[in-house]
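The values are calculated or read from the model by the stated rules, or taken from the named source; none is laboratory data. Predicted, not measured: the structure shown is a model, and the values here were computed from it. Here the Cβ is made from the backbone with ideal geometry for all residues, glycine too, and neighbour counts use every protein chain on show.
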Amino acid sequence: MSKRPPSWVIPAAPRRAQLAGLGRKLSEMGVHTVCQSARCPNVGECFGRGTATFMILGEVCTRNCRFCAVAHGEPGPPDPEEGRRVAEAAEMLGLRYVVVTSVTRDDLADGGASHFAATVSVIKERLPGAGVEVLTPDFQGSREALERVLEVDPTVFSHNVETVPRLYPEVRPAASYDRSLRVLKWAREISPGVLTKSGFMVGLGESSEEVLALLRALRGAGVAAVTIGQYLQPTRQHVAVVEYVRPEVFREYGCAAREVGFSKVLSGPLVRSSYHAAELAGH
């Protein structure tokens, strides 16, 4: 495999003025985005459209997944004013659909579930009628924590499986595929009226058979929306790309997802879990 990424995984060059302008505004407001922290390739497009995915519970993750560029270590205590700042930033951007994710906080008793709930509540209060999507960690498999998030009635509940089960020890050593699948199944059981969503990457060495099996497992857990994108190595310290999956294969995966019953599918090289989230949710 060539070390140089092919043309289909190279996003259009972002306009520096837009990147710097919105990034500076959000920083001044004390708001973090996964777009910047995780080095998302679509940051130029999204910032150019005046949208972003907010990241709460700080910028430091207690886990160290080998695909992720977010900093890891010992985070500080949650900031009780963070939700208010996120809501203010969403209002400043004129958003009618707000996506909120977080670092993983295994140091907190509820994994940060109450912080998620508080953030969603203040967004809804400040922006009546806006949709809110939460992209959460696994809360260490706590159903009680999951119920706390879902009781504030988000528009979409999302939790990413990220990759096929065989690759978890290498790619997500502190996570559990079975636990993630259980969280998604519980979400569907607890709040059947909330759209349940998940996403994963390809290009890490998985086979097409494993991808199809993963799609069937997610659908069996009640997941209705799925995103499939190309893994891109953020730094040399992260797990290497095994394969750059061709666009036609992404189209095949998208067709397969619809065939097994997903109602909402995004599959493409630059697709990420929050990419065009409002459109995918039909909001």
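Filter the stretch 70-103 down to the residues that are part of a helix (DSSP H, G or I) and acidic (Asp, Glu), then identify the one that is nearest to the chain's Cα centre (by Cα).
Among them, the one singled out is Glu82.
Name the residues in the stretch 203-228 that are touching a Ser or Thr at 6+ places or on another chain (Cβ under 8 Å) and not in a loop (DSSP other than H, G, I, E, B), would you?
Of everything in the stretch 203-228, those that are touching a Ser or Thr at 6+ places or on another chain (Cβ under 8 Å) and not in a loop (DSSP other than H, G, I, E, B) turn out to be Leu218, Ala225, Val226, Thr227, Ile228.
Per-residue answers, yes or no, for (1) farther than 30 Å from Ala71 by Cα; (2) out of contact with any helix residue (DSSP H, G or I) (no Cβ under 9 Å at 6 or more places or on another chain); (3) in contact (Cβ under 8 Å) with a residue 40 or more places away in the chain:
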| position | (1), (2), (3) |
| --- | --- |
| Ile190 | yes, no, yes |
| Val194 | yes, no, yes |
| Ser208 | yes, no, yes |
| Gly222 | yes, no, no |
| Thr227 | no, no, yes |
| Phe262 | yes, no, yes |
| Leu270 | no, no, yes |
| Ala278 | no, yes, yes |
| His283 | yes, no, yes |
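Can you report the number of residues in the stretch 184-201 which are among the hydrophobic types (A, V, I, L, M, F, W, C), under 14 Å from the mean Cα position of the chain (by Cα) and not in a helix (DSSP H, G or I)?
To start, the set of residues in the stretch 184-201 that are among the hydrophobic types (A, V, I, L, M, F, W, C) comprises 184, 186-187, 190, 194-195, 200-201.
Subsequent filtering for residues that are under 14 Å from the mean Cα position of the chain (by Cα) retains 184, 200-201.
Next, from what is left, pick out any that are not in a helix (DSSP H, G or I): 200-201.
So the answer is 2.
Is the stretch 155-174 home to any residue that is farther than 23 Å from Met29 by Cα, part of a loop (DSSP other than H, G, I, E, B) and acidic (Asp, Glu)?
No; the residues of the stretch 155-174 include none that is farther than 23 Å from Met29 by Cα, part of a loop (DSSP other than H, G, I, E, B) and acidic (Asp, Glu).
Select from the stretch 233-283 the residues that are small (Gly, Ala, Ser), surrounded by fewer than 18 Cβ atoms within 10 Å (Cβ to Cβ) and either closer than 26 Å to Pro169 by Cβ or in contact with a strand residue (DSSP E or B) (Cβ under 6 Å, 6 or more places away or on another chain) (or both) and list them in ascending order. Spell out the reasoning first.
Initial filter on the stretch 233-283 (small (Gly, Ala, Ser)): 240, 254, 256-257, 261, 263, 267-268, 273-274, 277-278, 281-282.
In the following step, the residues that additionally are surrounded by fewer than 18 Cβ atoms within 10 Å (Cβ to Cβ) were identified as 240, 261, 263, 282.
Passing the criteria: only Ala240.
Residues checked against (1) of a type in the set (Ser, Thr, Tyr); (2) at pLDDT below 95; (3) in contact with a Cys (Cβ under 8 Å, 6 or more places away or on another chain):
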residue: Leu181; (1), (2), (3): no, no, no
residue: Leu195; (1), (2), (3): no, no, no
residue: Phe200; (1), (2), (3): no, no, no
residue: Leu214; (1), (2), (3): no, no, no
residue: Thr227; (1), (2), (3): yes, no, no
residue: Gln233; (1), (2), (3): no, yes, no
residue: Cys255; (1), (2), (3): no, no, no
residue: Leu266; (1), (2), (3): no, no, no
